[in-house]
Ligand SMILES: [Zn+2]
């Protein structure tokens, strides 16, 4: 029996181990009844512990042996004996977050349907940032309306109820989402706001799922994917973003919502400086070229090493050795591999084809820069 379908807020239960086995990948148990929710419908599995005369084992994962009606299999940290009496306890904080994500998804899916006629075809609730996949490509203003509507449904504090109906009775219920199972069908009603077939765990009222924040959307498989956060996780998201903006604002001596301007200004200055820097580098390469041609072993700033080497490739009959004060070097010309071998004795490492690039210990720079290497 799946106890979580009767009471989403119960955390402890008693049961008997019906089946238990071990495989190379882990230890498994099926219980006479369980509160552990098996991963399904986009909602992650519960974790927790089983206690008994054998001690305490962790429940690491829970899954359905077969979809919807199969046994619920508990993946355990250690084996438990068949027939043992156990007390199970689920990790409540994790479950509550899952119920917030899941109930919020019901509310948001209904809000998306009402605001834009958008149909939910898949959901993912595996992490704090959840997704709803829509059949249709949504419009920005309809998404904003759906978000507002979802939060109105939160503040309306609708009761959330689950109940079972037979397949024959189903026709009487205007479901947002038709059932994926046959026989007795579990329906979940959120006041007069939403009605859907669902086997998952839900909050007692819509108010507990809020706030619901749509973060962004993108085109996905001919429709759209909407990203949202809900409940505690929405508050945590707000906290993290507010803290980040406040830190940035402090650095710019402004308020959190005023950081855009100084950042833009900084970007513009950066572009200007990059342009100036590039022009200076080009001028420096021009200025260094005659000396490099004459001396062929030359100390140059690391920032122009590559550019200068490229220019010297036109004099392919000569070997050149360019070295920066930090020990980075470029080698080119017919004797480049020979010179590299010589530099290796000083601890140099490097490689390449036309231009060999590498580095040697800084303290060896003076010693390495011997014009005889390239003559
Ligand atoms: Zn549900």
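Values quoted throughout were computed directly from the atomic coordinates according to the rules given, and no laboratory measurement underlies them. Here the structure is a predicted model, which is why all the values come from computation and not from measurement. We place every Cβ from the backbone using ideal geometry, glycine too, and count neighbours over all the protein chains shown.
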(request) Obtain the nm distance between the two label points defined at residue 268 and residue 139 by a simple spin-label model: each point lies 7 Å from its Cα along the Cα-to-C-beta direction. (result) 3.5
(message) Please compute the modelled spin-label separation between residue 18 and residue 207, points set 7 Å along Cα→Cβ, answer in nm with one decimal.
(response) 3.9
(message) Calculate the FRET efficiency for residue 277 and residue 216 from the Cβ-Cβ distance with a Förster distance of 25 Å, rounded to the nearest 0.05.
(response) 0.10
(request) Among DSSP beta bridges lying fully in the range 286-374, give the percent that are antiparallel, nearest 5. (result) 80
(message) Just to confirm my numbers, what's the Cα centroid distance between the range 284-319 and the range 147-173 in Å?
(response) 75
(request) With everything on Cα atoms, drop me the angle between helix 232-251 and the longest principal axis of the chain, reported from 0 to 90° to the nearest 10. (result) 30
(message) Order these by the 10 Å Cβ neighbour count, fewest first: 103, 11.
(response) 11, 103
(message) At a 10 Å Cβ-Cβ cut-off, how would you order 353, 274, fewest neighbours first?
(response) 353, 274
(request) Would you please state the base-10 log of I(q)/I(0) at q = 0.09 1/Å for the chain, with intensities from the Debye formula using one equal scatterer on every alpha carbon? (result) -0.73
(message) Suppose each label sits 7 Å from its Cα in the direction of the beta carbon; what would the residue 155-residue 173 distance come out to in nanometres?
(response) 3.0
(request) Please give the FRET efficiency for residue 363 paired with residue 291, using the beta carbon to beta carbon distance and R0 = 25 Å, rounded to the nearest 0.05. (result) 0.55
(message) Test of understanding: what is the full-extension gain from residue 302 to residue 2, defined as 0.36 nm times their sequence separation minus their Cα-Cα distance?
(response) 101.2 nm
(request) State the extension gain, in nm to one decimal, for the chain segment bounded by residue 255 and residue 69, taking 0.36 nm per residue of separation less the distance between their alpha-carbons. (result) 61.4 nm
(request) Take 99, 337 and order them by how many other Cβ atoms sit within 10 Å, fewest up front. (result) 337, 99
(message) Contact order normalised by length for the chain, with contacts defined as Cα pairs under 8 Å and 6 or more residues apart; what percent is it?
(response) 10
(message) Once R0 is set to 56 Å, what does the formula 1/(1 + (r/R0)^6) return for the Cβ-Cβ distance between residue 32 and residue 245, expressed as a FRET efficiency to the nearest 0.05?
(response) 0.60
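May I ask you to compute the full-extension gain from residue 370 to residue 163, defined as 0.36 nm times their residue separation minus their alpha-carbon distance, rounded to one decimal in nm?
65.8 nm
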(request) With springs connecting C-alpha atoms under 10 Å apart, model the chain as a Gaussian network and identify which of 262, 290, 81 has the largest mean-square fluctuation. (result) 290
(message) Looking at the chain as a GNM with Cα springs under 10 Å, which of 299, 270, 134 has the largest mean-square fluctuation?
(response) 299
